[in-house]
Amino acid sequence: MVNYEATQRLNLVFHTLADPTRREILYLIANKPYTVSELAKPFDMSLAAISKHLNVLEKAGLLYR
């Protein structure tokens, strides 16, 4: 029998990791802490865009602020 909640969680994690920017963010913050401003620089993104990526990572349980 398939556990619906576990399947949904796994789908969310895979969806989150499908984005290369989010994978790079995870790689960066695994090595040292960053502020949102510092994270935005290598991606040439606005703070709002980086913040959205961080929210998706947090929702998937891959990041805690």
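The values are calculated or read from the model by the stated rules, or taken from the named source; none is laboratory data. Model, not experiment: these values are computed from the prediction. Positions of Cβ are generated from backbone atoms using ideal geometry, with glycine treated the same way; all protein chains shown enter the neighbour counts. With ligands, DNA and RNA removed, areas are computed over all heavy atoms of the protein, side chains included. Shrake-Rupley method; radii C 1.70, N 1.55, O 1.52, S 1.80 Å.
Brief remarks on what is shown
- Among residues of the stretch 34-59, those that are in a helix (DSSP H, G or I) and without any contact (Cβ under 8 Å) to a residue 12 or more places away in the chain, counted: 10
- Leading residue by the ranking (farthest from the chain's Cα centre (by Cα)) among those in the stretch 20-58 that are at pLDDT 95 or above and basic (K, R): K52
- Scanning the stretch 14-35 for residues that are among the hydroxyl-bearing types (S, T, Y) and either within 14 Å of G61 (Cα to Cα) or open to solvent by 50 Å² or more (accessible area, probe 1.4 Å) (or both) returns T16, Y27, Y34, T35.
- Of all residues in the stretch 1-13 being open to solvent by less than 70 Å² (accessible area, probe 1.4 Å) and of a type in the set (V, I, T), the one that is modelled with the lowest pLDDT: T7
- Scanning the stretch 10-27 for residues that are in contact (Cβ under 8 Å) with a residue 12 or more places away in the chain and part of a loop (DSSP other than H, G, I, E, B) turns up just one, D19.
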